[in-house]
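What follows is a single structure, written as structure tokens, with notes after it.
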Amino acid sequence: MKIGTRLPGFAREIGFEGYCAWLSENDFDAVDTPALTAEVAKTCQRYGLEIGTCDAGAGGLLSKDAAKRRKALSELKKQLTAMAKHGGHTYFTVLGPDDGNMPRAETFEIFKKVYPKVVEHAEKVGINIAIEPWPGGSPRLPNLGCSPESLRRIFEAIPSPNLGICYDPSHFVRLQIDHMRLLHEFSDRVHHVHLKDTEINQEKLYESGIAGESYSHSYGFGEGWWRYTIPGEGIVDWQQILRRLEEYGYDGVLSVELEDHHFWATPELQQEGLIRSRDYIGQFLKADDDDA
């Protein structure tokens, strides 16, 4: 397994090439990219970075508006084709509706109409799809693919092995879902992994319950009683996760997704958060190598 990152805030300031140079200088192995163009692919190659997931613009794909869906589907197919052409292998997606108030059951009916066509094209060009389990904005949490209930329905509707998940335990911890049990159930669907943790603050949970803070906002990337953290500063047992991933045959990229209140305010803090994440996870990968 190789350690990479999604693009943090300061990457936008220094540009994709500047960020790839920083990753290479700091012993990262991979990077998740924006829409994969020839230039983006060449930049990754120039700095010796493996391509993790690739983003693509697919706004409107789960819209109620059929015309918007057709337009989004056509554009996404073009981007998946380009992704494959330039050496990409995994499309990163969030299954969120245009209308954040739409019930998940209604969004799923739209998903069943549209996504078989997406997956059919992904199979054709040799691209995997990794569903991000971010549930969306509170209080509705409208996105699909964020719970076993939702994932079972998704994979029953579309059993293709090209359709899978981005395993990110931080979201499952936040949702009070057993992230290890979920990894076991969907181990054959893991196409990518995010290195992000979650802290549960028991005192703030007592104060506000799962409704979250009403009169203050203690943390960015959280609701008081929970907050996202870098690996090792939340409740996730990463050594156990890495062992299970290895047992299940995962040998892909582990991407730091930096969303931590304490490592965000400045580029220097973001860099520190990324390096701390690299070192924390790296100790377990090194231990596995030493045992081999």
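The values are calculated or read from the model by the stated rules, or taken from the named source; none is laboratory data. Model, not experiment: these values are computed from the prediction. Cβ coordinates were reconstructed from backbone atoms using ideal geometry, including for glycine residues, and neighbour counts include every protein chain displayed.
So the values come out like this:
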| read-out | value |
| --- | --- |
| Qualifying residue in the range 202-214 (condition: out of contact with any helix residue (DSSP H, G or I) (no Cβ under 9 Å at 6 or more places or on another chain), under 26 Å from residue 62 (Cα atoms) and surrounded by 17 or more Cβ atoms within 10 Å (Cβ to Cβ)) | no |
| So residue 187, is it within 18 Å of the chain's Cα centre (by Cα) and closer than 21 Å to residue 228 by Cβ | no |
| So residue 260, is it in contact with a Ser or Thr (Cβ under 6 Å, 6 or more places away or on another chain) and within 23 Å of residue 192 (Cβ to Cβ) | yes |
| Failed item in (1) surrounded by 20 or more Cβ atoms within 10 Å (Cβ to Cβ); (2) not in a loop (DSSP other than H, G, I, E, B), with residue 18 passing the rest | (1) |
| Test: residue 208 is more than 13 Å from residue 148 (Cβ to Cβ) and more than 14 Å from the chain's Cα centre (by Cα) | yes |
| Options 87, 100: the member that is touching a residue at least 40 places away in the same chain (Cβ under 8 Å), part of a loop (DSSP other than H, G, I, E, B) and farther than 21 Å from residue 136 by Cα | 87 |
| Qualifying residues in the range 131-175 (those that are among the acidic types (Asp, Glu) and in a helix (DSSP H, G or I)) - the one surrounded by the most Cβ atoms within 10 Å (Cβ to Cβ) | 149 |
| Residue under evaluation residue 10, criteria (1) in contact with a Lys or Arg (Cβ under 8 Å, 6 or more places away or on another chain); (2) surrounded by 15 or more Cβ atoms within 10 Å (Cβ to Cβ); (3) more than 21 Å from residue 161 (Cα to Cα), criterion not met | (1) |
| Single condition residue 198 does not satisfy, out of (1) outside any helix (DSSP H, G or I); (2) in contact with a strand residue (DSSP E or B) (Cβ under 9 Å, 6 or more places away or on another chain); (3) within 22 Å of residue 118 (Cβ to Cβ) | (3) |
| Unmet requirement for residue 251, which otherwise passes all of (1) of a type in the set (Asp, Glu); (2) more than 22 Å from the chain's Cα centre (by Cα); (3) exposed (fewer than 14 other Cβ atoms within 10 Å of the Cβ); (4) in a loop (DSSP other than H, G, I, E, B) | (2) |
| Complete set of residues in the range 37-84 that are assigned to a helix (DSSP H, G or I), closer than 17 Å to residue 17 by Cα and out of contact with any His (no Cβ under 7 Å at 6 or more places or on another chain) | 39, 40, 42, 43, 44, 45, 46 |
| Within the range 73-127, tally of residues that are of a type in the set (Asp, Glu) and closer than 13 Å to residue 154 by Cβ | 1 |
| Residue pairs meeting the criteria (Cβ under 9 Å; at least 6 apart or on separate chains; first closer than 14 Å to residue 143 by Cα and modelled with pLDDT of 95 or more, in the range 104-130; second basic (Lys, Arg) and not in a helix (DSSP H, G or I)) | 104/140; 106/64; 110/64 |
